[in-house]
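Peer 1: Sharing a structure here in structure tokens format.
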Amino acid sequence: MTQSTEAAGVATPDRDDAVIEAKDIVAGYLPGVNILDGCSLVAYPGEMIGIIGPNGAGKSTLLKAMFGLVRVHSGQVTLNGNDITNLKANRLVEMGVGFVPQTNNVFPTLTIEENLRMGLYMRPKKLTERLAAMWDLFPVLHDRRNQRAGALSGGERQSLAMARALMMEPSVLLLDEPSAGLSPVRQDETFLRTRHINKTGVCVVMVEQNARRCLQICDRGYVLDQGKDAYTGTGRELAKDPKVIALYLGTLAEDVNKERDDQGAAHEGTA
């Protein structure tokens, strides 16, 4: 596993109880054309991991490689110590890996409840129990359970997609840009909901375009660049590191400078 770089100065925890780990992954969509070039990531029980970086860095490709949707040419993905490299998605779901893609993540012609039932088709005996758990976690879905998913807002669809992935009680949940296309208010709701899911005991690995918010709520973060994990560290330290901000988080740098300007103006106003 790649150690934390000069960015944050925080080494990846030296533990042997990883929930999911990707080691030196080389992967791509076409033979001979690799998007990932030696990328590594590890997530431990109870952790929330954020993956950020510039467009084209391979963030979503890493999640898809871990979920068997992109062929891994070399390297290894393990789940609770077991090799799951290139296993098919349906097998990974059975083993405890949940995945929520960025788009096309619900069945629009089915109702909310029918979508959730589809999430547990492999374990029908637990349907009543798992439906009750999802209604508690997402009460707005319970209130509209007979409504077709195609009529939901973007934020509601994201909630439904998460709920369906959670029906199988995964040990790790992989989220691909959960806030994409949502209004700022709905983005905040999605981040809070994701953190709540994490606090129930589900390990979360999240690719996110909203770098600032992602680093605020994640335990540890990875900054990907050109198919490699260029920087790792705690979310708070990555968010404050000048090199990470300057090289990879241009919008975050603007936010930081604006916040400093606002604080300075407020100070002058009270002087």
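The values are calculated or read from the model by the stated rules, or taken from the named source; none is laboratory data. What you see is a predicted model, and the numbers here were worked out from it, not measured in a lab. Positions of Cβ are backbone-derived with ideal geometry, glycine not excepted, and every protein chain shown enters the neighbour counts.
Peer 1: Scanning the stretch 73-106 for residues that are over 17 Å from Ala43 (Cβ atoms) and crowded, with 17+ Cβ neighbours inside 10 Å, which turns out modelled with the lowest pLDDT?
Peer 2: Here the residue is Gln102.
Peer 1: Provide a single number: the residues in the stretch 175-196 that are surrounded by fewer than 22 Cβ atoms within 10 Å (Cβ to Cβ), of a type in the set (A, V, I, L, M, F, W, C) and either more than 27 Å from Val77 (Cβ to Cβ) or touching a residue at least 60 places away in the same chain (Cβ under 8 Å) (or both).
Peer 2: Here the count works out to 4.
Peer 1: Counting only residues that are surrounded by fewer than 18 Cβ atoms within 10 Å (Cβ to Cβ) and touching a Phe, Trp or Tyr at 6+ places or on another chain (Cβ under 9 Å), which one in the stretch 220-250 is modelled with the lowest pLDDT?
Peer 2: Leu247
Peer 1: While we're here: Arg164 versus (1) closer than 18 Å to Gln102 by Cβ; (2) at pLDDT below 95: which is the lone unmet condition?
Peer 2: Result: Arg164 fails condition (2) only.
Peer 1: Examine the stretch 42-58 for a residue that is within 14 Å of the chain's Cα centre (by Cα), on the phi > 0 side of the Ramachandran plot and surrounded by fewer than 15 Cβ atoms within 10 Å (Cβ to Cβ), and state whether such a residue exists.
Peer 2: Among the residues of the stretch 42-58, at least one is within 14 Å of the chain's Cα centre (by Cα), on the phi > 0 side of the Ramachandran plot and surrounded by fewer than 15 Cβ atoms within 10 Å (Cβ to Cβ), which makes the answer yes.
Peer 1: For the list (1) within 29 Å of Gly32 (Cα to Cα); (2) surrounded by 19 or more Cβ atoms within 10 Å (Cβ to Cβ); (3) hydrophobic (A, V, I, L, M, F, W, C), I need the number of the one condition that Leu166 fails.
Peer 2: (1)
Peer 1: Now a separate question. Restricting attention to the stretch 221-248, which residues are within 15 Å of the chain's Cα centre (by Cα) and farther than 9 Å from Ile51 by Cα?
Peer 2: Matches in the stretch 221-248: Gly235 only.
Peer 1: Answer yes if at least one residue in the stretch 30-37 is at pLDDT below 95 and on the phi > 0 side of the Ramachandran plot, and no otherwise.
Peer 2: Yes, the stretch 30-37 contains a residue that is at pLDDT below 95 and on the phi > 0 side of the Ramachandran plot.
Peer 1: Which pairs turn up if I take residues in the stretch 227-248 that are in contact (Cβ under 8 Å) with a residue 24 or more places away in the chain and look for partners that are of a type in the set (Lys, Arg) and assigned to a helix (DSSP H, G or I) with beta carbon separation below 8 Å, at least 6 apart in sequence or on another chain?
Peer 2: Tyr231/Lys243; Ala239/Arg212
Peer 1: Counting only residues that are modelled with pLDDT of 95 or more and among the aromatic types (Phe, Trp, Tyr), how many does the stretch 112-137 have?
Peer 2: 1
Peer 1: Output the residues belonging to the stretch 33-77 that are touching a Cys at 6+ places or on another chain (Cβ under 6 Å) and over 21 Å from Ile197 (Cα atoms).
Peer 2: Leu62
Peer 1: Pull out all pairs, ordered by first then second residue, where Cβ-Cβ is under 7 Å, the residues are six or more apart or on different chains, the first lies in the stretch 201-212 and is over 15 Å from Ala165 (Cα atoms) and modelled with pLDDT of 95 or more, and the second is of a type in the set (Gly, Ala, Ser) and assigned to a helix (DSSP H, G or I).
Peer 2: So the pair list comes out as Val207/Ser60.
Peer 1: Say we look at the stretch 163-177 and pick out the residues that are among the small types (Gly, Ala, Ser) and part of a helix (DSSP H, G or I); which of these is nearest to the chain's Cα centre (by Cα)?
Peer 2: Looking at residues that are among the small types (Gly, Ala, Ser) and part of a helix (DSSP H, G or I), I get Ala165.
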